[in-house]
Amino acid sequence: RSMGGLNTVNNDSSSATDSKDLRAKLVLLGDSGVGKSCIVLRFVRGQFDPTSKVTVGASFLSQTLALEDSTIVKFEIWDTAGQERYAALAPLYYRGAAAAIVVYDITSPESFSKAQYWVKELQKHGSPGIVMVLVGNKADLHENRSVSSQEYAEKNNMFFIETSAKTADNINQLFEEIAKRLPRPTAS
Ligand code: GDP
């Protein structure tokens, strides 16, 4: 199946010598249970396996993505590792993040309120110019959709996309859209 011209490659030793190549720290935020880990595992490992939840902990997962214009983007993807249960995340979590994905569950209004809270936190603590994306996950459960957030996303200057880690719908597109929005190094 076509992935819209997107290729992911699992090659951590790929040389990052091309001046077009980018590295980007990406953080995930959102209520517990919305599917953050499943989104990361779907993107990095290409599978949906809720039982093998990887606790990323103090570290991150790497994934490289090649864009159509041949730019290589190396993501360092940070998951909250359960810290979202506390009122605040460590400042180190946000530090240096080029992009943030705020996730809610489209069947859970409560998770959307929590998402709005994290958006405010990001507006306070995120780096200026951070790429902010709003993700409505569990799109496969659209018959039970109870949140519609396009307008909210626009107001807050966020790219919005609905995904399903379960069916893989829009998962690669999500990361591709982030990659496209990252600031490019200025030509010398
Ligand atoms: P986290 O706490 O935000 O990291 O959430 P998890 O990734 O652990 O996912 C929580 C639960 O939601 C798991 O039991 C998954 O089965 C379920 N889940 C995650 N993504 C999806 C999805 O896209 N569709 C459906 N139907 N369930 C999902």
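All of the numbers you see were taken from the coordinates with simple rules; none came from a lab. This structure is a prediction, so every number in the text was calculated from the model and none was measured. Here the Cβ is made from the backbone with ideal geometry for all residues, glycine too, and neighbour counts use every protein chain on show.
Considering only DSSP beta bridges with both partners in region 59-188, what is the antiparallel share in %, to the nearest 5? DSSP beta bridges in region 59-188 are roughly 35 percent antiparallel. Relative contact order for region 84-147: what is it in percent, counting Cα pairs under 8 Å that are at least 6 residues apart? Reported as a whole number, the value is 46 percent. Put in order of Cβ neighbour count within 10 Å, fewest first, the listed residues Y94, Y152 become Y152, Y94.
Inter-label distance, E151 to R95: 4.0 nm, where each label sits 7 Å from its Cα along the C-beta direction.
Computed over neighbours whose Cβ is under 15 Å from that of L26, the net charge equals +4, Lys and Arg +1, Asp and Glu -1. Divided by 2.2 N^0.38 Å, where N counts the residues, the Cα radius of gyration of region 94-188 comes to 1.12. Net length available on complete extension from F48 to Y86 is 11.0 nm, with 0.36 nm assigned per residue and the Cα-Cα distance removed.
In summary, the lysines within cross-link reach of K138, defined as a Cα separation below 18 angstrom excluding same-chain residues under 8 places away, comprise K36, K53, K114, K166. Only one residue of T80, Y104, S127 has its Cα farthest out toward the positive end of the dipole of region 71-156, where Lys and Arg carry +1 and Asp and Glu -1 on Cβ, and that residue is S127.
Taking Cα centre as origin and charging only the Cβ of basic (Lys, Arg, +1) and acidic (Asp, Glu, -1) residues, the dipole magnitude of region 34-188 rounds to 440 debye. Would you give the gap between the C-alpha center of region 130-174 and the C-alpha center of region 21-44, rounded to a whole Å? Spelled out, the Cα-based centre of one part sits 13 Å from the other. Given R0 = 35 Å, the distance between the Cβ atoms of Q123 and E143 translates into a calculated FRET efficiency of 0.60.
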